[in-house]
Every structure is written in structure tokens, then in C-alpha cells.
């Protein structure tokens, strides 16, 4: 009688049966390819006993149909708290206990994925010609109080379900064909991964245009040159300068040299470009016959150092401490886009994005190696 109520008043629910975690290959923490030769891990097994996680789930390719009953509710946006929260996105689905066992061979359990065909969206706003499906994943299973009969025996199970998200656990579900006829998968239709990557790339591109290098750019500021007669920063040789008009009066015999220092000092403002657009040379050795006020960039130092000749010795003016803000490396500086900037050296540029190889004992080895690959345990016998 109870099962008949589900057949009459329930709706079809497509069940993607959870078979258990995917067994990794020997020496792997996360399987690159399913290990079909090893004994499969059961539903109650644990894939990674170190972190107590099941990061890769295996689902049966066949889809089961079970009748289910749940209460429809409107999805409301809650704006009363900080941020935007979607209310009532949790579904409490009721199933007949014996029907679950007869169909699946067991009752509903956490990890099973439910597909609700009656919630398909046939009128998507994009150019897709297939209906967008609605998936939920079971988080918890209990016996509801209204599922007990007068004989005190349970007949129902209640599954707490939440919307399915694109994560590593459900990669097998999202890899299924979407039915569009062009090879697209459910990940292409239902996941926001591609949109998030596009938004992130656009943000990085705009940030590189707005702030290509770190620190402050002081090249646009004019720096007062020095007088060759006194060596002091001054426009007028007289000591009594009481108004701005006196600044305009200059001694005709005065020779103005290049600035002898960095006047506008701030965080990471040194870029080894002389002030006021003065010419400079570069190399690994100082010129033999320099003139007073001449700039020279030593490129054999890291960071590069800009020197100025004061007539007797070379004085360090500033160091090239400004660095590129992106993670691309030497090609930005070589193209001249960020001329005068140091290449940013971070863990991402030198380690994570390391694609170089090395030859060790005649074998070509990739320098970037995972610990579970580079340090494989060996039997001590």
C-alpha cells in the first residue's frame, strides 16, 4: 500500500548509483586513470586514509529510476545578512525503503546523485538546444517519523539533498554527454568553471594594464638639477631668495648637471631610469672616460644598479627594485613592454610553472616532480 502511494503521487527520480571511491594506481594519491586491476573500494571504503577523504568517486554508468516524493518550495534570496544567500535550496526527498533495495540492491546512501527530470529547463537564455538538467547529491539519509506504520516498522527513508556542484568528486557525472550532438558535456552546460576562468583572465589582463609593475612610478616628475659651481640643488646662485620670481633669474655662467640623487623616494620607486630623461649607457664595466653627471647602468648586478659619476667616483643612484606584477617571466621584459623592470621571481614562476627538463644518467627527467612520484617507497630487503 505504501509503495502504491509513491507510484500514484510520486515523481520519477533518476539515480546515479555511487559505487565507491576510485582506487588509485600504485604510488599515486589521486588516480590519473582508474585502477581496474586492483580490487575496487566499496561504498563504505576510504580512498585516502591519510587525509580521510574520498576525492574521486566512481558511479555506475546505468541510471536507475525510483519514485520519490518531496515538498516543492520557492527559492528566495535572503538579503538580510552580509552577502547574498539562497534559501530553501535543500531538498528532503522521501523514498520507499523496499523499492530502493529492490532497485539499487541497497537503500539510498550519501554520495548518490539524483537527477530530477521534471525540473529541466527547456528555455535556457544561451544558445544551447538541450534542456538544462537539475542534479542533487545526497548528503544524509534518515528514517522519517511519518514513515513508521502502526506496527512500528519503518517503510520510508528521507534523503537530504543539496544541489550538485562542479567539484572533483563528481567529475564522472559532469563528464557525461549533454545530448547536444556536438560533443559537449554536462560540465560545459552546468558548470561555471569556464566563466570563472574567463572573468579571472580579464581581471588579470586589466590589472596588468593598470599596474604593470610594483611600487611607484616617478618618471613623470621633474627633478631639480644641481649647479656645477656649488653642487647644491638650486636655481639661483644668490643666497637671498625671498619670492618665486627670483627663481626665474639664473646666472648665465651656471652649468646645470643631472640630478645627483632620487628626490621622490617611495615604496619600490627605483627602476634604474635616470630622472628628467637623461641619457645613460649600460653594461658590465664602467666606461673609461666618463663625464661629470653621466649615468651608467650595471646589468651584471641583481637587481641592476644605476650609477652616476660625480667627477671622482661612481655613486650608486638607485636599484631596480620594481618588478613585473604578472607571472609570465622574461618574455615581458624582452619585448620592451616592461623595460627597466625586474622579472618577478615567485614560487609560481620558478616552481609551479616549471616546464624545463634535465638529463640525469642519460634519462630525460621533468624538473617539476610530485612528491608521490619522486619519492616512491621501496622495500628494504
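Every number in this text was worked out from the coordinates using simple rules, so none of it is lab data. All values reported here derive from a predicted model rather than from experimental measurement. A quick note on method: Cβ atoms are made from the backbone with ideal geometry, for glycine too, and the neighbour counts reach across all protein chains shown.
Structure data summary
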{"read-out": "Residue order, fewest to most surrounding Cβ atoms within 10 angstrom, among 60, 318, 367", "value": "367, 60, 318"}
{"read-out": "In nm, spacing of pseudo-spin labels at residue 1 and residue 197 (7 Å Cα→C-beta vector)", "value": "5.7"}
{"read-out": "Highest average packing first - 42-49, 184-191, Cβ atoms within 10 Å", "value": "184-191, 42-49"}
{"read-out": "Modelled FRET efficiency - R0 56 Å, residue 149 with residue 267, Cβ distances, 0.05 increments", "value": "0.15"}
{"read-out": "Rough spin-label spacing in nm, given labels placed 7 Å along Cα→Cβ, for residue 222 and residue 364", "value": "5.9"}
{"read-out": "FRET efficiency, residue 107 to residue 185 (Cβ-Cβ, R0 35 Å, nearest 0.05)", "value": "0.70"}
{"read-out": "Relative exposure of 280, 170, judged by other C-beta atoms within 10 Å (fewest first)", "value": "280, 170"}
{"read-out": "Label-point separation in nm, residue 276 to residue 14, each point 7 Å along Cα→Cβ", "value": "7.6"}
